[in-house]
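The values are calculated or read from the model by the stated rules, or taken from the named source; none is laboratory data. Given the structure is predicted, the values throughout are model-derived calculations rather than measurements. Don't worry about glycine lacking a Cβ; one is built from the backbone with ideal geometry, like all the others, and counts go over all protein chains shown. These accessible areas exclude ligands, DNA and RNA; they are computed on the full protein's heavy atoms, side chains included. Shrake-Rupley method; radii C 1.70, N 1.55, O 1.52, S 1.80 Å.
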Amino acid sequence: MTPKAPRDDFSDADIEVTEPKTYAAGMGGVFHSMEPAILEMGLGRTVKLMTKINQKDGFDCMSCAWPDPSHRKIAEFCENGGKAVTWEATPLKIQRAFWQEHSLTSLEDKTEYWLGMQGRIVEPVYKAKDSDHYEPISWDRAFGIVAEHLNRLEHPNEASFYTSGRASNEAAFLYQLFARVLGTNNLPDCSNMCHESTGTAMSYSVGIGKSTIAYNDFGEADLIIIMGQNPGTNHPRMLTALQEAKENGARIVAVNPLPEAGLIGYKDPQRVRGYVGKPTQIADQFLQIRSGGDMALLQAISKRVLAAEAAAPGTVLDHDFIERHCDGFEAFAEHIAQVDEREVEQATGLSQAEIDELADRYLESDRVIIAWAMGITQQRQGVATIKEIINLLLLRGNIGKPGAGASPIRGHSNVQGDRTMGVWEQMPDSFLDALGTEFGFEPPRDHGVDAVNGIRALDEGKIKVWMGLGGNLLGAISDTNLAESAMRKTELSIQLSTKLNRSHVITGEEALILPVLGRTEVDEQLTGPQYITVEDSVCAVHASHGQIPPISDQVRSEVATVGGIANATLGDRHGIDWLGMIDDYDVIREHISHVVPGCESYNEKTRTRDGFILPNGPRDERRFDTATGKARITVNELEPIACPPGRLLLQTMRSHDQFNTTIYSLNDRYRGIKKGRSVIFVHPDDLAELGLEDGQTVDIFSEWKDEPDRVLRGFRTVAFPTARGCAAAYFPEANVLVPLDSTALESNTPVSKAIVIRMEPSTTPVGVGRPVVV
Ligand SMILES: Nc1nc2c(c(=O)[nH]1)N[C@H]1C(S)=C(S)[C@@H](COP(=O)(O)OP(=O)(O)OC[C@H]3O[C@@H](n4cnc5c(=O)[nH]c(N)nc54)[C@H](O)[C@@H]3O)O[C@H]1N2
Ligand SMILES: Nc1nc2c(c(=O)[nH]1)N[C@H]1C(S)=C(S)[C@@H](COP(=O)(O)OP(=O)(O)OC[C@H]3O[C@@H](n4cnc5c(=O)[nH]c(N)nc54)[C@H](O)[C@@H]3O)O[C@H]1N2
Ligand SMILES: [Mo]
């Protein structure tokens, strides 16, 4: 039985609120993913796919970038991986009648949830200049339109090529090559909104913007500090690694404004005990920090470490490591001695005793891992905060030894690989030199636009052709209203996508949707079925093999689509055999092995069952490829976040049933929310102080400099045990409240976790369709 697409949009009118959960997963978690999977895909397809997720002969789960252990379990996936697979592998198709029935204007007030539930896009569609409808178009015509627009640009920088982190290494490599041969570095990506702060900080401090640990290090750590990350929802398989670490004696500390279920307790669905038994307590210490307080906390811990060294010289710091491998220690020590404890208390909302306890844990541990995600990166001082994470680790030599290191936990399943392949608006000259030599052209050297600057360039009318390799930039970027009006100014927008989203509804004058294969599907080309490759959060690269027949014979692989566009646009102008690369992905991999550092013999290495681990200076040999050739201990000035009286700091985050802008259901099980997303979580004492009640409908106003307030109307308050002064709502709905200009220093990542807001009682009901925005 084929499932049906919903006709009517979903309503938030009957939101139900119950107590939040105190532990994550358990067998219930896997059942939660299997039931909809079987209903959507049928039993046969479900079994076929679920037994191949993350297996060595199977496909890489397209959900998060959590790494695979070397010993795979029979079911090496989590509840949310199950949902991601089901969402992609649904047999439901968008029928031709859909495009006739729905004008673009009529789609404008549809929710992301409704759009995504319409099924897979199964043929290319085109919206002509004065039309309000998409209509089917042939692939050749589609490629012709793109080529014509690109070839008439006055300058290649009038085109921009966005990438979302699900694209394979092969597609990403081809895509950046095409952009650069065309002559532009305009390669914004989802990473700009995600771990850019990590890349910026770590490249500066340790010479590489990636995790310095391997999977097995979790099992060898004495202490794991998890800051600004919600693994129970966003990296559920990490909980298994944490549970194993605990069994080996590790202590775990969680730093978060929210008592997230997965941070507190866990039931492992892969074990009988996890089914019937009591949950494992995950966090030995939970620090309920105020939003944006992490940098002050880290400085306060470093201060205690230095004080302990002063009290017992030679026993606390790793002097040998600091002398041999680091610079900047003296200036740092001087600066940290000035840290003002009152400022720390104000910024963190934590007591001295809590901070002392964490400092003691750090001092008692020989091997420490600090993991982090969006709670840290999407802050104005995200880069400086990550530099402080590195400082703290360096003081006791916690980088480049087993069981220790810096562990940014990546988002999209291949976001790290896309960067390795050159998707970045500011790739270093060494990469561009190698690319130019391999393909015989001179790559452009000026940096391109990132995600935020790309919106500015669109708004200024500077981008005439905008292309997206996956993703949903308009759903994901800050300042929704501004971004949407900017996108309407471009001449042609092109999306390579599996399913519908907001970025297909708000378009340039002309628009194309080019439907692509997902990871679950067999990718057949001239030389036979092709595999693709991906890189996970700990730099492990391996192959992914599609399993089920494509949803339609009109859907092409990402590689075939990008290569086809390149061929139509450039032909053999540069002597590059674009079509040959489509016929046989080994050809692309051969080029990768000549261009991308660490990828020598890429075909051979990705054909092995385990794949390979990319070299990593700090992890492998305590080599730090920074400008000074040493790990840099840095001095960072704390800037307290100003939040005037009567205002709260709002963070925008993911529910348990979404993947970024993809909504799987209106529930957020662990936080006790059902049947709706128009909610704002607020501490009960803050509600009382603001004269508001639990369950009241409010409008949310974001205040930014002297600009008019941005407003989101008709949200239900939920009294919730968040840190005082900090509220939370879901992205992408709340993106409208994040000013485009509010970005992290140095990395330019939208500050999605600390928006100054006020609430006022609303007359707008919590309702159907997209929330009302002004
Ligand atoms: N199922 C599922 N999996 C996903 C995704 C998804 O949407 N769904 N998205 C993927 C992507 S692209 C990414 S980047 C990752 C995101 O993974 P996460 O970073 O876990 O995602 P968020 O929901 O943004 O959660 C941020 C966490 O930081 C906390 N936080 C907020 N502000 C602060 C702060 O100031 N300090 C501290 N210490 N904590 C803070 C929040 O309470 C929350 O627990 O997940 C990936 N995996
Ligand atoms: N306010 C706020 N904003 C945020 C964040 C936040 O925490 N708060 N998080 C930010 C983060 S961390 C990220 S990573 C970005 C995410 O930004 P994006 O990566 O742009 O967004 P996604 O929602 O992951 O993209 C989903 C779309 O990708 C397409 N897709 C799915 N699978 C495939 C595939 O296999 N191939 C292709 N070609 N297309 C596919 C589908 O059409 C789907 O609708 O959002 C950012 N925005
Ligand atoms: Mo992300």
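Sort through Gly470, Gly440 and tell me the only one that's in contact (Cβ under 8 Å) with a residue 24 or more places away in the chain, open to solvent by 10 Å² or more (accessible area, probe 1.4 Å) and within 16 Å of ligand 3 (Cβ to nearest atom).
Only one candidate qualifies: Gly470.
Does Ile673 fit the bill of being in contact with an Asp or Glu (Cβ under 6 Å, 6 or more places away or on another chain), within 16 Å of ligand 1 (Cβ to nearest atom) and aliphatic (A, V, I, L, M)?
In short, no.
Suppose the filter is in a helix (DSSP H, G or I), within 16 Å of ligand 1 (Cβ to nearest atom), open to solvent by 10 Å² or more (accessible area, probe 1.4 Å) and in contact (Cβ under 8 Å) with a residue 60 or more places away in the chain; does Gly199 pass it?
yes
Look through the range 224-242, keep the residues that are of a type in the set (S, T, N, Q) and at pLDDT 90 or above, and return whichever of them is farthest from Met374 (Cα to Cα).
By that ranking, first place goes to Thr233.
Of these, Arg654, Arg647, which one is within 14 Å of ligand 2 (Cβ to nearest atom) and surrounded by fewer than 21 Cβ atoms within 10 Å (Cβ to Cβ)?
Within the list Arg654, Arg647, the selection yields Arg654.
Does Thr606 satisfy the criteria of being in a strand (DSSP E or B) and crowded, with 18+ Cβ neighbours inside 10 Å?
So Thr606 does not fit the description; no.
Pull up the range 481-540, narrow it to residues that are in a strand (DSSP E or B), charged (D, E, K, R) and within 16 Å of ligand 1 (Cβ to nearest atom), then point me to the one that is farthest from Ile455 (Cα to Cα).
Among them, the one singled out is Glu535.
Any residue in the range 125-139 that is in contact with a strand residue (DSSP E or B) (Cβ under 8 Å, 6 or more places away or on another chain), in a helix (DSSP H, G or I) and not aromatic (Phe, Trp, Tyr)?
Looking for residues that are in contact with a strand residue (DSSP E or B) (Cβ under 8 Å, 6 or more places away or on another chain), in a helix (DSSP H, G or I) and not aromatic (Phe, Trp, Tyr), one finds none in the range 125-139, hence no.
Mind checking whether some residue in the range 347-360 is within 16 Å of ligand 2 (Cβ to nearest atom), assigned to a helix (DSSP H, G or I) and touching a residue at least 40 places away in the same chain (Cβ under 8 Å)?
no
Looking only at the range 671-694, count every residue that is open to solvent by less than 20 Å² (accessible area, probe 1.4 Å) and not hydrophobic (A, V, I, L, M, F, W, C) and tell me the total.
Qualifying residue count for the region: 6.
Right, Gln346: buried (at least 22 other Cβ atoms within 10 Å of the Cβ) and under 32 Å from the mean Cα position of the chain (by Cα) or not?
no
For the structure I just gave you, tell me whether Val449 is open to solvent by 10 Å² or more (accessible area, probe 1.4 Å), touching a helix residue (DSSP H, G or I) at 6+ places or on another chain (Cβ under 9 Å), of a type in the set (Val, Ile, Thr) and not assigned by TED's automatic domain parsing to the domain that holds Ala312.
So Val449 fits the description; yes.
Please find, within the range 569-592, the residue that is least open to solvent (accessible area, probe 1.4 Å) out of those that are of a type in the set (D, E, K, R) and within 19 Å of Glu148 (Cβ to Cβ).
Asp572
Considering (1) among the polar types (S, T, N, Q); (2) within 26 Å of Ala347 (Cβ to Cβ); (3) out of contact with any Cys (no Cβ under 9 Å at 6 or more places or on another chain), say which one Gln696 fails and leave the rest.
The number of the failed condition is (2).
Just a yes or no: is a residue in the range 167-180 more than 16 Å from ligand 1 (Cβ to nearest atom), at pLDDT 95 or above and acidic (Asp, Glu)?
Yes: one or more hits.
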